[in-house]
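The values are calculated or read from the model by the stated rules, or taken from the named source; none is laboratory data. Owing to the predicted nature of the structure, the values given are computational and were not obtained by experimental measurement. With ideal geometry, Cβ positions are generated from the backbone for all residues, glycine too; neighbour counts draw on all protein chains shown. Surface accessibility is based on the protein's heavy atoms, side chains included, excluding ligands, DNA and RNA. Shrake-Rupley method; radii C 1.70, N 1.55, O 1.52, S 1.80 Å.
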Amino acid sequence: MKMPRPILLFFSLLFVATATAQNSRTNAPSLVFRDSVEPHWFAGADGQTNKFWYRVTTGRNSHEFILVDAREGKRSSAFNHARLAEALVKVTKRPVKPEDLPIDSLDFARDGKSVVLHGDGSSWKLDLANYSLTLSANDVSDENQLPNIRTLHPSSSGGLATKVVFVNKLKADADLFWIDPDGKRVSYGSVPANGRLEISTYAGHVWLAASRTGEMLAVFEAAAKPSVAAIDGRETTAPVRRGGRRRPSVGGDTSPDGKWSVSVRGDNLFLRNLNVRSNSDFQLTYDANPNSTYARNAEADRAVEMTYDARDPETPTPEIYWAPDSKHFVAMRLQPGTHRNVYLVESSPEDQLQPKLDSYPYLKPGDQVPIRKPPLFDIELKKEIQTSESLYSNPWSISDVRWSTNSTRFTFLYNQRGHQIMRVVAVEAQTGAARAIIDEHSDTFIDYSGKSFSEYLDGTGEIIWASERDGWNHLYLYDAVEGRVKSQITKGNWLVRSVDFVDRTNRQIWFQAGGIRPEQDPYYVQFCRVNFDGSGLTVLTDGDGNHEAQFSPDRRYLIDTWSRVDQPQTTVLRSASDGKLLCKLEEADAVELYASGWKTPERFVAKGRDGSTDIFGVIWRPKDFEPNKKYPVIEDIYAGPQGFFTPKGFRASYQQQKLADHGFIVVQMDGMGTSGRSKKFHDVCWKNIRDAGFEDRILWIKAAAAKHPFMDISRVGIYGTSAGGQNALRAMLDHGDFYKVCVSDSGCHDNRMDKIWWNEQWMGWPVDDSYERSSNVTDAHKLQGKLLLMVGEMDKNVDPSSTMQVVNALIKADKNFDLLYMPGAGHGVARTPYGSRRLEEFFVNNFPAMGTSSSAGNSTAATSP
């Protein structure tokens, strides 16, 4: 599944902010070893890619290199580490430990007789027969070398996982920075002079190499395949993609045969014959104007999609899609939407005394969105071919414009405002007749932002399409000519989570599934393969946990790593044809972690509101937990319908544990209304964000307390950020008899105040009374218990006024509450060191009797807020 770029950007920013905050608070070294495998595949003597090596961390200051022959299913040391250490001592005249070799990467010769070792600023060729070392040139092949584009721009998000080896050919160290989606520099250390550094990254991420004095040395944009980035002082050029998202694939202003070009003047289209010397242009349209124009408008895109870095060229350009035979083209016509800006006042800027005013385009639910329509033009007739717009009259978006290979028609994806209809519409080039090839309807919503997928198979006239029409997200094979379903490719009470690869030659789909093993947690990912006709369904991974897979370049093998919150990683090598286990690679060593007093989170399952649906969650105990004591319970909530949020894989550090160590039982679960399960499970959120799964959550907490008497559910608190901030406050307003203390951070408290795409996706359009029913502002007078509101004055994700309107309503209702309005802070105040401390202290101060004796029962009148 592919999320729209703005959605991916939003969650990328959220993840980066979270990771950065956690790392800034926990600088302790890792206490888990052998927990990951990063394969480096290479070809053997037969030319086939059957082997790979990896470097695995075996201790705090130790590692080893492993060589795997996938065809033979054999794992062994890449070389004799002790002999290599002895050889390195001789050539470097420095002490070298076998368990801590100064080596970063390897290049094996195809004949297996030698290997080039890279590291410590040098490269050596090792003869594996006699362990002799010779200095090797640190050369870089042009085959996979990234160009030095020397132009900084923000990283995009949502690209494929990849690797970049930075090779510094200069005589001085080079500092390395990742340019995040906001355009900010994030330090990643340095590449030593004449040295190498390998970085795991994502396609579309931008990296800056700079001198110690800050001079720009090189800028690279990671490609989908592993690449080399040479820092050598030379400048190369390559097309640069600006901004945090990709534009649609546009054929360009010039026709494929090079005879015609289309331009826009003012707002109308002009056609030029490039084979005629005269510069006279033919005016194709006369009725366009600023309110109905053929000129692109990036500001309209930014208002809807929350992308602030894109900029249109100064000269207006049309968005053109040419037919392959150059006889027709489509030119997108834009009706601009509402021009709404959000204004922020930065009270305490670092570079001046006086406050600053900032603004940015930001549409909200109910605003008029920019409307694109796809007029069709005939080159020979030099006019527009009229088409009926009845199938696409009210678009949220029209995208993925594609011409058939024989130029007889074009298709596009139509997402109707309100997100209850999605169509693939086909328009005949000669007549302009339009019909729906795929016509998807829902009585609630179509999850276009999380579960949409389409793959056009032009060679066979087919389309692979994702739909929840049978109650679960599955794949269907369509006849793209007749517009009928040829086969339901996947089916069952489980869902397709994402499509990894479509093999057109063998007519197979490789995908990730959730719930396909009914005995396991349905959120666990398993990797699968199926034929286009639905036959041959094969689950390629095994193990009761959440799986990650890395396929060999030819997809004949896969490295399967799986774990659970209560079980560290296991990594194995499997055959990608049938999932057969070929060899075990690594089993994570968490002995030091457990010895440090680290507590394993507990998985817990209880029935939801219907009495039959399982609700899955996790429990964290304090580090000094004593089972005969009573502990307040704090729920970490984020009930955004776009996903599910309870951790599934093993981590050495959870932010929930930090709060638990203050003397709380911290819990997290995913209630109805979130994604990752059936359509019925998800639909609970429709026009009902206020629900947030609380009926399921409260039952879950009560069931956990029935099993664990140390959970004192007369003292329950809750906290959350963003949508979780809205959810946390809603808990106090609707369930104040259960939740007693709340920290609500950066909440979108009234869905009419928040970004248009997220809220209309779940709350629908037009804006109706369901929005007011879900508003925390409307119900603020119902507040019981203790409340801390947090918000950053420079939050560009959720309008800070949303929180301040809650403040206003609470004041009018004469309610007591605390407020942290943080100057200069963006989205997620609780993730800052100061905000995190305030959150923890708020719970400690309002649940002071931590760890009281179990003989005291649940009576907490003296300490109840």
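Taken over the stretch 266-295, the residue count meeting the criterion of being closer than 22 Å to residue 386 by Cα and either open to solvent by 60 Å² or more (accessible area, probe 1.4 Å) or part of a strand (DSSP E or B) (or both) is 14.
Would you check which residues across the stretch 795-822 are within 32 Å of the chain's Cα centre (by Cα) and open to solvent by less than 30 Å² (accessible area, probe 1.4 Å) and list them? Within the stretch 795-822, 795, 797, 798, 799, 800, 802, 803, 806, 820 qualify.
Filtered by the rule that a residue be within 24 Å of residue 376 (Cβ to Cβ) and either part of a loop (DSSP other than H, G, I, E, B) or among the aliphatic types (A, V, I, L, M) (or both), the stretch 430-456 gives 430, 431, 432, 433, 434, 436, 437, 438.
Considering only residues that are part of a helix (DSSP H, G or I) and closer than 26 Å to residue 834 by Cβ, which ones fall in the stretch 767-793? Within the stretch 767-793, just 780 meets the criteria. In this structure, is residue 367 more than 21 Å from residue 324 (Cβ to Cβ) and in a strand (DSSP E or B)? It is false that residue 367 is more than 21 Å from residue 324 (Cβ to Cβ) and in a strand (DSSP E or B). Residue 61 meets all of the listed conditions (1) open to solvent by 40 Å² or more (accessible area, probe 1.4 Å); (2) under 32 Å from the mean Cα position of the chain (by Cα); (3) more than 19 Å from residue 164 (Cα to Cα) but one, namely (2).
Scanning the stretch 84-118 for residues that are on the phi < 0 side of the Ramachandran plot, basic (Lys, Arg) and not in a helix (DSSP H, G or I) gives 94, 97, 110, 113. Only residues that are part of a helix (DSSP H, G or I) and at pLDDT 95 or above were counted across the stretch 803-858, and they come to 26.
The condition (being within 20 Å of the chain's Cα centre (by Cα) and of a type outside the set (A, V, I, L, M, F, W, C)) is satisfied by just one residue among 550, 520, 508: 550. Listed by position, the helices (runs of 4 or more DSSP H) contained in the stretch 648-766 that have at least 3 residues being over 23 Å from the mean Cα position of the chain (by Cα) and among the aliphatic types (A, V, I, L, M) are 694-707, 723-734. You will find that of 47, 73, the residue that is small (Gly, Ala, Ser) and modelled with pLDDT under 95 is 47 and no other. For the stretch 758-781, the count of residues that are touching a strand residue (DSSP E or B) at 6+ places or on another chain (Cβ under 7 Å) and farther than 25 Å from residue 447 by Cβ is zero.
Quick grid of which residues meet (1) crowded, with 17+ Cβ neighbours inside 10 Å; (2) touching a residue at least 24 places away in the same chain (Cβ under 8 Å):
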| site | (1), (2) |
| --- | --- |
| 80 | no, yes |
| 85 | yes, no |
| 93 | no, no |
| 98 | no, no |
| 111 | no, yes |
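Restricting attention to the stretch 553-600, the residues that are open to solvent by less than 10 Å² (accessible area, probe 1.4 Å) and among the acidic types (Asp, Glu) add up to 2. Scanning the stretch 430-464 for residues that are out of contact with any strand residue (DSSP E or B) (no Cβ under 9 Å at 6 or more places or on another chain), open to solvent by less than 30 Å² (accessible area, probe 1.4 Å) and not acidic (Asp, Glu) yields 444, 445, 449, 450.
Six or more apart or on different chains, Cβ under 9 Å: which pairs go from a residue in the stretch 425-448 that's at positive phi to one that's at pLDDT 95 or above and assigned to a strand (DSSP E or B)? Could you list them? Note: pairs meeting the criteria are 432/376; 432/384; 432/385.
List the pairs whose first member sits in the stretch 607-631 and is among the acidic types (Asp, Glu), whose second member is open to solvent by less than 40 Å² (accessible area, probe 1.4 Å) and in a strand (DSSP E or B), and whose Cβ atoms are under 9 Å apart, counting only residues at least 6 apart or on separate chains? Between residues of the stretch 607-631 that are among the acidic types (Asp, Glu) and residues that are open to solvent by less than 40 Å² (accessible area, probe 1.4 Å) and in a strand (DSSP E or B), the close pairs are 610/672; 614/606. Suppose the filter is of a type outside the set (A, V, I, L, M, F, W, C), in a loop (DSSP other than H, G, I, E, B) and open to solvent by 40 Å² or more (accessible area, probe 1.4 Å); does residue 603 pass it? So residue 603 does not fit the description; no. Each residue in the stretch 321-353 was checked for being under 30 Å from the mean Cα position of the chain (by Cα) and farther than 30 Å from residue 800 by Cβ, and 3 of them qualify. Look at the stretch 733-753: where a residue is touching a residue at least 12 places away in the same chain (Cβ under 8 Å) and a partner is part of a strand (DSSP E or B) and among the acidic types (Asp, Glu), sitting 6+ places away or on another chain with Cβ atoms under 8 Å, you get 739/635. Restricting to the stretch 606-624, name every residue that is surrounded by fewer than 17 Cβ atoms within 10 Å (Cβ to Cβ) and either at pLDDT 95 or above or of a type in the set (S, T, N, Q) (or both). Correct list: 607, 610, 611, 612, 613, 614.
On inspection, residue 550 qualifies as open to solvent by 30 Å² or more (accessible area, probe 1.4 Å) and assigned to a strand (DSSP E or B). Between 345, 427, the distinction of being crowded, with 21+ Cβ neighbours inside 10 Å, part of a strand (DSSP E or B) and touching a Pro at 6+ places or on another chain (Cβ under 9 Å) belongs to 427 only. When residue 74 is tested against (1) more than 16 Å from residue 583 (Cα to Cα); (2) open to solvent by 60 Å² or more (accessible area, probe 1.4 Å), exactly one condition is not met: (1). Number of residues in the stretch 381-401 that are buried (at least 17 other Cβ atoms within 10 Å of the Cβ), in a strand (DSSP E or B) and either under 32 Å from the mean Cα position of the chain (by Cα) or not aliphatic (A, V, I, L, M) (or both): the value is 6. Evaluated against (1) touching a residue at least 24 places away in the same chain (Cβ under 8 Å); (2) touching an Asp or Glu at 6+ places or on another chain (Cβ under 9 Å); (3) part of a strand (DSSP E or B), residue 187 falls short on exactly one condition, (1).
When you scan the stretch 229-241, do you find a residue that is among the β-branched types (Val, Ile, Thr), at pLDDT below 90 and under 19 Å from the mean Cα position of the chain (by Cα), even just one? No, the stretch 229-241 contains no residue that is among the β-branched types (Val, Ile, Thr), at pLDDT below 90 and under 19 Å from the mean Cα position of the chain (by Cα).
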